[in-house]
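The values are calculated or read from the model by the stated rules, or taken from the named source; none is laboratory data. This one's a predicted model, so the numbers in the text were calculated from it and none came from an experiment. Neighbour counts run over all protein chains shown; Cβ positions are idealised from the backbone, glycine included. Note: accessible area is taken over every heavy atom of the protein model, side chains too, but ligands, DNA and RNA are not part of it. Shrake-Rupley method; radii C 1.70, N 1.55, O 1.52, S 1.80 Å.
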Amino acid sequence: MAPAKSQPSTPFASRELNGEVLLEELADLRNAQVHQKHLSDLVVGLRDLEGVRVSEASQRLKSLAANRFSGTPALASLLVRWAAKLKVEADVPLLIAHFERLAVTSAIVSAVRRASESLKGAR
Amino acid sequence: MSHPVSDETQDHLQQWPARARKLFGELMEDAGSDLQREFIQRAVAAAHTPAEVHAFADALRGMSDEEAYASCTLHDDAPDDYTVSQLLRAEADPLFAFELKGGTIEPNEEEPAPEPVPEPVKSDAPRLDALGFVLAKKKSSDSFEAPLSGAPRPKSLDWNDLPSAKPPPPKKEGPASAGGTRFLEGLLAEATSALRISWKEQDIDSPGGLSLADALASAAGALSRGIPVPCAIGPNPGDHRRFVVLMQLNTSGQSRAWQLYDPFTAELVWANEGDLLMKRELPFANKVNRRLTRIVLPQSLRAAF
């Protein structure tokens with residue numbers, strides 16, 4: 001019997017996809033000085049992907065990396081890596097959600113760092 | 001009179017605090033027609049917060065069925081620039097469709113409620129995927145009852161301002177927290193403006209704030225929609241020492257675990273919900289900050305998510 005189509009592949013089924021994995025990616029992007037605006041642009045750029053076939057989604061991710069985000073190699077590299085991991089239809093919305101969460105988390109962490117100066121006892 | 005509620009809506013309602021569930025019952029009771037009740041249910045099933053559902057129900061109440069149907073569903077005339085994702089989500093989420101078509105809701109943030117009845121969060125898993133909840137009878141607007149009641153709902157029923165089981169909050173403009181400072185709200189609004197998220201910062205277990213159970217219930221809703229939730233931690237209510245972020249919620253059987261991230265120490269930890277509610281210790285290296293003291297909840301997720 002063929003596996004259910006709705007089951008995401010391993011990287012997307014990981015409990016840490018939007019935890020440890022996301023934070024590692026965020027740290028890499030931060031070290032590479034990728035701006036929040038690029039992440040927000042990426043979220044917008046990925047909206048059309050939901051519902052498209054895996055092969056097309058993968059192709060579009062690579063296209064985004066090669067064109068729109070060619071000036072931000074760290075982000076482009078991340079897109080290409082994830083494009084290669086897309087295996088089944090269920091992976092696509094999970095990847096979109098992952099990048100949305102990456103963008104929001106980046107904004108939140110940035111705001112938290114700035115706000116911490118207001119907190120007594122914050123380091 | 002009680003109205004039938006779908007299993008999916010019921011799943012979400014079980015994550016709401018008791019007062020918010022009571023509010024839901026009243027909103028269903030006050031709704032002008034079966035169509036409005038259906039939309040309210042579906043907004044709940046789509047993981048909107050109690051405040052958003054409340055505001056949505058208020059907006060619906062003044063509409064006829066024809067107006068409500070037109071405002072909350074996308075038809076063949078949907079503009080070409082709507083994405084597939086938007087169309088699918090709008091199909092399942094009438095509040096999303098309402099906003100996509102230009103409707104606005106204003107979750108109430110003004111007056112406190114008089115009688116807090118905090119209740120521990122039940123341990124059901126949050127439902128993540130609203131897209132599976134596709135409308136089965138969306139073409140039957142003619143068969144729904146006529147509107148409408150029109151009477152505005154008392155603001156005191158807004159779940160956003162549920163007080164804790166402490167004395168009533170001082171009635172004044174601005175923040176209710178110690179020191180009168182909302183540290184994060186503005187910064188977050190600025191940082192997430194491109195993503196169209198607005199935020200509300202509320203103390204936990206302080207006068208005028210939320211109970212921890214209520215705060216976690218709201219945070220669960222936000223996380224189920226992919227929005228991490230910033231919090232402050234400290235030794236006592238009102239004593240905010242450090243900001244952390246609630247990253248994920250994981251449910252296993254009857255227990256729920258929250259993943260917390262401290263951006264300053266880079267600690268990423270899992271904490272049992274039961275332990276969080278005990279307020280004795282957090283699993284960070286620094287044991288002084290043993291409880292959540294403040295939460296910043298996303299309020300309005302326009303067309304971004």
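Of everything in the range A:21-40 that is closer than 13 Å to B:A194 by Cα and at the interface with another protein chain (Cβ under 8 Å from one of its Cβ atoms), the residue that is most open to solvent (accessible area, probe 1.4 Å) is A:K37.
Comparison of B:A18, B:A43 shows that the only residue that is among the hydrophobic types (A, V, I, L, M, F, W, C), touching a Pro at 6+ places or on another chain (Cβ under 7 Å) and closer than 20 Å to B:A220 by Cα is B:A43.
Being open to solvent by less than 20 Å² (accessible area, probe 1.4 Å) and either under 15 Å from A:V104 (Cβ atoms) or in a strand (DSSP E or B) (or both) is a property that B:L282 lacks. A:V80: in contact with a Lys or Arg (Cβ under 9 Å, 6 or more places away or on another chain) and open to solvent by 10 Å² or more (accessible area, probe 1.4 Å), yes or no? When the stated conditions are applied, A:V80 passes them.
Looking across the range B:191-233, the residues that are among the acidic types (D, E) and either within 14 Å of another protein chain (Cβ to nearest Cβ) or open to solvent by 10 Å² or more (accessible area, probe 1.4 Å) (or both) come down to B:E201, B:D203, B:D205. The one condition from (1) part of a strand (DSSP E or B); (2) more than 30 Å from B:K101 (Cα to Cα); (3) open to solvent by less than 10 Å² (accessible area, probe 1.4 Å) that B:V296 does not meet is (2).
I need the full set of residues from the range A:50-70 which are in a helix (DSSP H, G or I), under 19 Å from A:E100 (Cα atoms) and among the hydrophobic types (A, V, I, L, M, F, W, C), in order please. Those that are in a helix (DSSP H, G or I), under 19 Å from A:E100 (Cα atoms) and among the hydrophobic types (A, V, I, L, M, F, W, C): A:V54, A:A57, A:L61, A:L64, A:A65.
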